[in-house]
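Comments concern the structure below.
The values are calculated or read from the model by the stated rules, or taken from the named source; none is laboratory data. Model, not experiment: these values are computed from the prediction.
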Amino acid sequence: MLPRRSGLVAMAIGIVLFAITVVLLAGCNASSSGVCTRLGFGVSVLAIAAGLGGAAVFLVGLRLVLPAVTPPVLAGNCPGVNWSGAYCYVCGQGLDRAGGEGRWYCHRCGAYR
């Protein structure tokens, strides 16, 4: 629960920093050099830093809130699961491939099918 709560706090901080960026840059008039002329160079740098920091903090918070994506499980990692789709016609149990001869083996019946 703690990482999720920390993630929500980080997302809120990121949104606040982004809002500060919007407010600071709204008061700027860009000159030909791209510098904020009305508020000065320091404010424009501060606004850009707040925006980049806010985006980074927001993304970290989002990563903490969202569940981690688990990779798909490969067939060899689940020994009890029948991945072939072949089932025994006598008992209905999943069949395992028996060697390379194209035959199937039912462990419940103890027979090749």
Q. Among (1) part of a helix (DSSP H, G or I); (2) modelled with pLDDT under 80; (3) not acidic (Asp, Glu), where does SER32 come up short?
A. (1)
Q: Scan the range 82-89 and give yes if some residue there is of a type in the set (A, V, I, L, M) and modelled with pLDDT of 60 or more, otherwise no.
A: yes
